[in-house]
Amino acid sequence: MRAPVLAITLLAAGCGGAMANLRQDNQRLAGELASTRAELRGERRKAKDLANQILVLTDRLEASAVHGVSIAAPPPLPVEVLDPDALTEGGSLITDDDGGFDDGAEPIDLTAELEPRRAPPPPPPRAAPRAAGLRDLPTSTELTERPPAAPPTRPTAAPRAAATDDAITLYQRGMAALKARDHATAITTFRALIAAYPRHDYADNAQYWLGEAFYDQKDYARAVPEFRATVSSYPLGNKVPDALLKVGLSYAALGEPAKARAALEQVVRQFPTSPSAAIAATRLEQLP
């Protein structure tokens, strides 16, 4: 009688050990799978970051090439008397409603945007409510019957990633159209990106290249407002020096040297180490 019992006990012990080993193997495989998936996500992020860096570097090279072409054949400039009051003492750019420079307009002050924004003052304390009788206070039953406030929902990462991909796709499409000199498509595409994703990292670049789409057609009057929007809407963007330079070059092409000088001097003053400042200094010497 003891032999069958012993056999059953040994069999149960063996099965228990096998099950424990199987569970350990499953846990190990699950851990390896999770680690592999994490590594794959990391590699995908690195590939996307690298693609973005290449896009930014390509954008800078194209901007440099555009500027180089701009100074190679400067348009003839008429002689006009310069207005020394076109700039404020701080060197801010003064513009009028038509894109020109005017003493009565507000300057585009970039230094204000560089200072840390102060937190808004706390709201004033509310006045204490009038003393109420016990009959005015909610009972414990009324308190428990009130539904709890729903917790705020956080947006998932997937829609944000999809929006980023859409913005990059629009940007690349606009740049391809601009390179092909399909200005109408480039203008439409860049405007669509800015309208849909105004805070995206490429929005300021899209705004700048929108101005270039008009500048490349020698439509300088329409290029100026787009370049100025790059400065006013994205004052901390990497395209601000280029945009200010193109404001000056556009005014020079329009035969308005005083306004051109004001913009070019602002580039040299506020961004002295930028490539745009070197080009601006060269063009300043060519102005009458």
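What follows is calculated from the coordinates using simple rules that are stated; it is not laboratory data. Treat the numbers as computed from the prediction; the structure is a model and nothing was measured. Positions of Cβ are backbone-derived with ideal geometry, glycine not excepted, and every protein chain shown enters the neighbour counts.
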In what sequence do LEU244, LEU22 fall when counting other Cβ within 10 Å, fewest first? LEU22, LEU244
Sorted by Cβ neighbour density within 10 Å, fewest at the top, the residues ILE54, ILE187: ILE54, ILE187
Cα gyration tensor shape of the range 171-261, rounded if a/c is under 1.5, else prolate or oblate by comparing a/b with b/c: oblate
Would you mind ranking VAL240, VAL268 by Cβ crowding within 10 Å, fewest neighbours first? VAL268, VAL240
Cα-derived Rg to Rh of the range 166-208, Kirkwood definition: 0.93
For the range 226-284 (alpha-carbon point model, no solvent) the Debye-based log₁₀ I(q)/I(0) at q = 0.21 Å⁻¹ works out to -0.69
